[in-house]
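The values are calculated or read from the model by the stated rules, or taken from the named source; none is laboratory data. Worth saying up front: this structure is predicted, and the values here are computed from it rather than measured. Here the Cβ positions follow ideal geometry from the backbone for every residue, glycine too, while neighbour counts run over all protein chains shown. Only protein heavy atoms, including side chains, enter the accessible area calculation; ligands, DNA and RNA are left aside. Shrake-Rupley method; radii C 1.70, N 1.55, O 1.52, S 1.80 Å.
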Amino acid sequence: MIIPPLTNHRMKGYSLPFAIFVFIIVIILSGTLILKAYQNYTVTNRIFIMEKMESNAQSALNLIIVHPEDYPYQQSTSLSLYGEIMDSVTLQKEQWGAFDIVKSSSSYLGITRSHSALIGSYKCDSSSVALFVPEAGQSIALVGNVNISGICKLPISKFSQPSIEGRNFTGSTGASALSASSTRLPDLTPRLKNLRFESANIKLTNDKMVPFEELETDTLSIPFFNDTAITIFSSNPIILDNKNISGKVMIFSEKSITINRTTKLSDVICYAPYIQVMSGFEGKCQLYAHDSICTEEACMFKYPSVIGINNKTEKPAKLRFSKNCKLMGVTYLYSENSEKSNDILQIESGATINGQVYSNKYTEIKGTINGSLYTNKLIVQTPSSIYENTLMDATIDISKLSQNYVGVDILNEGTSGGVIKWLY
């Protein structure tokens, strides 16, 4: 019997390393897939949290815009929007001249989203008044090319069309509604009354002070996220020439401020007894004085600008917009001395105000107001005479005010506001 030889079934030497290699590859691939899935989950979850924080910050900002009275100035308010752990937000509000700076932030697991905006307290709507003149027993005389459009609240006798100095009425009064006004002009909001030289002087100690004489740079930009403003001050007249200043900056002079056309101002606030803006200036700013403000020809005050006078002295105050000036925002003249009658707000020929105008003394219009005018008395001065309660060659048209305009609640009516611009 022949026995066949035994066959050797042992694996070849390279098979085991190959198996181990395949096993390692499988482990690596599996680990990579698991890691990728985890990374995708982490990224997706992070995106979800970021979107949630963004939504929370925006919702919180809407809260403070709709109900600003619920949030005190210079304080942080923390709350939960919907009672969940991810819905905590922090709100802050501070005053910047006639407007407010509001900030909202939402944070979770180290992810934070913040919003900051400059907001106003007034939006024009269908009920907004174009012209208000209190009852004084005298109609409003229209002479020359006068055009009025919008709701008007006037003396009972309303409009008349006399011939003055050989001129007759040649315009139009497309007033959408005419009603009798009260015997008193609505009072200016306390907020604007307090935007005066004396109040600014008291608050200066809260800011970082820089004497104008020691200002070493011609360019200064301070972000609104800073906790405090920078105040440039002087006991002498300040002349701003070849300066570029923007952001959270106040300029304060105990004498006067002159702004040359070579200077650029953006969101800056100026306080002085007397302010003069030279011809050709272009910028956006808030100017407050108690004596006079004079803007020379062809000045451009971009939105949102505010120019106001609060006169507590016995001297007559004047706020004048010279020929071809343009203001997009708010202007007002307020005299605390009820016996005085010489304070005057003048809008000369070719000058245009897009926004709100208020004067509790005289207003002389030879230009255009695309918006609203509240005034105690109208006046026209000619070389030969002065005519009260008269409009000559003037335009008041609230329909031409942009629907996106957000201004100031000048009459303290509790009107709703909105975002003027986002701050970054």
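Among the numbered criteria (1) farther than 28 Å from residue 168 by Cα; (2) in contact with a strand residue (DSSP E or B) (Cβ under 7 Å, 6 or more places away or on another chain), which one does residue 321 miss? For residue 321, the failing item is (1).
Considering only the stretch 128-168, how many residues are of a type outside the set (S, T, N, Q), part of a strand (DSSP E or B) and free of Cβ contacts under 8 Å to residues at least 24 places away in the same chain? Working first, answer last.
Applying the first criterion (of a type outside the set (S, T, N, Q)) to the stretch 128-168 yields 129-137, 140-144, 146, 148, 150-156, 158-159, 162, 164-167.
Pick out the ones that are also part of a strand (DSSP E or B) and you get 129-132, 140-144, 148, 150-154, 159, 164, 167.
Narrowing further to those that are free of Cβ contacts under 8 Å to residues at least 24 places away in the same chain: 159.
So the count comes out to 1.
Looking only at residues of the stretch 262-278 that are touching a residue at least 24 places away in the same chain (Cβ under 8 Å) and not in a strand (DSSP E or B), we find that the one that is surrounded by the most Cβ atoms within 10 Å (Cβ to Cβ) is 272.
Here is a check on your reading of the model: is residue 52 in a helix (DSSP H, G or I), modelled with pLDDT under 80 and of a type outside the set (A, V, I, L, M, F, W, C)?
Working: in a helix (DSSP H, G or I): yes; modelled with pLDDT under 80: no; of a type outside the set (A, V, I, L, M, F, W, C): yes.
Here the answer is no, as residue 52 does not meet what is asked.
Being within 22 Å of the chain's Cα centre (by Cα) and either outside any strand (DSSP E or B) or modelled with pLDDT under 95 (or both) is the filter here, so list the residues in the stretch 322-373 that pass it. Those that are within 22 Å of the chain's Cα centre (by Cα) and either outside any strand (DSSP E or B) or modelled with pLDDT under 95 (or both): 325, 351. Here residue 196 meets each of (1) at pLDDT below 90; (2) charged (D, E, K, R); (3) surrounded by fewer than 18 Cβ atoms within 10 Å (Cβ to Cβ); (4) within 18 Å of residue 267 (Cα to Cα) with one exception, condition (3).
Here are some residues: 38, 82. Which one is over 20 Å from residue 416 (Cβ atoms), in a helix (DSSP H, G or I), open to solvent by 80 Å² or more (accessible area, probe 1.4 Å) and out of contact with any helix residue (DSSP H, G or I) (no Cβ under 6 Å at 6 or more places or on another chain)?
Details: 82 fails: in a helix (DSSP H, G or I).
Sole residue among the options that is over 20 Å from residue 416 (Cβ atoms), in a helix (DSSP H, G or I), open to solvent by 80 Å² or more (accessible area, probe 1.4 Å) and out of contact with any helix residue (DSSP H, G or I) (no Cβ under 6 Å at 6 or more places or on another chain): 38.
I'm trying to understand the selection: among the residues of the stretch 374-412, which are hydrophobic (A, V, I, L, M, F, W, C), outside any loop (DSSP other than H, G, I, E, B), under 28 Å from residue 101 (Cα atoms) and open to solvent by 10 Å² or more (accessible area, probe 1.4 Å)? Residue satisfying the conditions is 398 alone. Total residues in the stretch 64-79 satisfying the condition of being crowded, with 16+ Cβ neighbours inside 10 Å and under 18 Å from the mean Cα position of the chain (by Cα): the figure is 3. Cβ separations smaller than 7 Å between residues 6+ apart or across chains give the following pairs from the stretch 327-338 residues that are within 13 Å of residue 358 (Cβ to Cβ) and touching a residue at least 60 places away in the same chain (Cβ under 8 Å) to residues that are open to solvent by 30 Å² or more (accessible area, probe 1.4 Å) and not small (Gly, Ala, Ser): 329/303; 334/193.
Filtered by the rule that a residue be in contact with a Gly (Cβ under 6 Å, 6 or more places away or on another chain) and of a type in the set (D, E, K, R), the stretch 354-407 gives a lone residue, 393.
Just to verify a result, which residue in the stretch 205-217, among those that are in a loop (DSSP other than H, G, I, E, B) and open to solvent by less than 80 Å² (accessible area, probe 1.4 Å), is farthest from residue 263 (Cα to Cα)? Can you show your working first?
Residues of the stretch 205-217 in a loop (DSSP other than H, G, I, E, B): 207, 215-217.
Narrowing the set further to residues that are open to solvent by less than 80 Å² (accessible area, probe 1.4 Å) leaves 207, 215, 217.
Working: 207: 23, 215: 15, 217: 13 Å.
The qualifying residue farthest from residue 263 (Cα to Cα) is 207.
Somewhere in the stretch 232-245, is a residue open to solvent by less than 70 Å² (accessible area, probe 1.4 Å), at pLDDT 95 or above, among the β-branched types (Val, Ile, Thr) and in contact with a Ser or Thr (Cβ under 6 Å, 6 or more places away or on another chain)? Yes, there is a match, as at least one residue in the stretch 232-245 is open to solvent by less than 70 Å² (accessible area, probe 1.4 Å), at pLDDT 95 or above, among the β-branched types (Val, Ile, Thr) and in contact with a Ser or Thr (Cβ under 6 Å, 6 or more places away or on another chain).
Does residue 326 satisfy being surrounded by 20 or more Cβ atoms within 10 Å (Cβ to Cβ), touching a strand residue (DSSP E or B) at 6+ places or on another chain (Cβ under 7 Å), basic (Lys, Arg) and over 19 Å from residue 381 (Cβ atoms)? Yes.
Just name the residue that is farthest from the chain's Cα centre (by Cα) out of those in the stretch 289-316 that are in contact (Cβ under 8 Å) with a residue 40 or more places away in the chain and crowded, with 24+ Cβ neighbours inside 10 Å. Walk me through how you get there before you give the answer.
To start, the set of residues in the stretch 289-316 that are in contact (Cβ under 8 Å) with a residue 40 or more places away in the chain comprises 289-290, 303-304, 306, 308, 310, 312.
After this cut, where a residue has to be crowded, with 24+ Cβ neighbours inside 10 Å as well, the list is 289, 304, 306, 308.
Details: 289: 19, 304: 5, 306: 9, 308: 14 Å.
That would be 289.
Checked against (1) open to solvent by 70 Å² or more (accessible area, probe 1.4 Å); (2) part of a helix (DSSP H, G or I), residue 92 passes all but a single condition, namely (2).
Counting only residues that are acidic (Asp, Glu) and farther than 18 Å from residue 196 by Cα, which one in the stretch 329-367 is surrounded by the most Cβ atoms within 10 Å (Cβ to Cβ)? Before you say what the answer is, go through the steps one by one.
Step one: list which residues in the stretch 329-367 are acidic (Asp, Glu), which gives 336, 339, 343, 348, 364.
When the remaining residues are screened for being farther than 18 Å from residue 196 by Cα, the result is 339, 348, 364.
Working: 339: 6, 348: 17, 364: 24.
Step by step, filter the stretch 329-367, then rank; the result is 364.
For the stretch 154-193, the set of residues classified as open to solvent by less than 80 Å² (accessible area, probe 1.4 Å), touching a Pro at 6+ places or on another chain (Cβ under 8 Å) and closer than 30 Å to residue 288 by Cβ consists of 181, 182, 185, listed by residue number. Picking from residues in the stretch 104-127 that are open to solvent by 30 Å² or more (accessible area, probe 1.4 Å) and in a strand (DSSP E or B), the one that is nearest to residue 71 (Cα to Cα) is 105.
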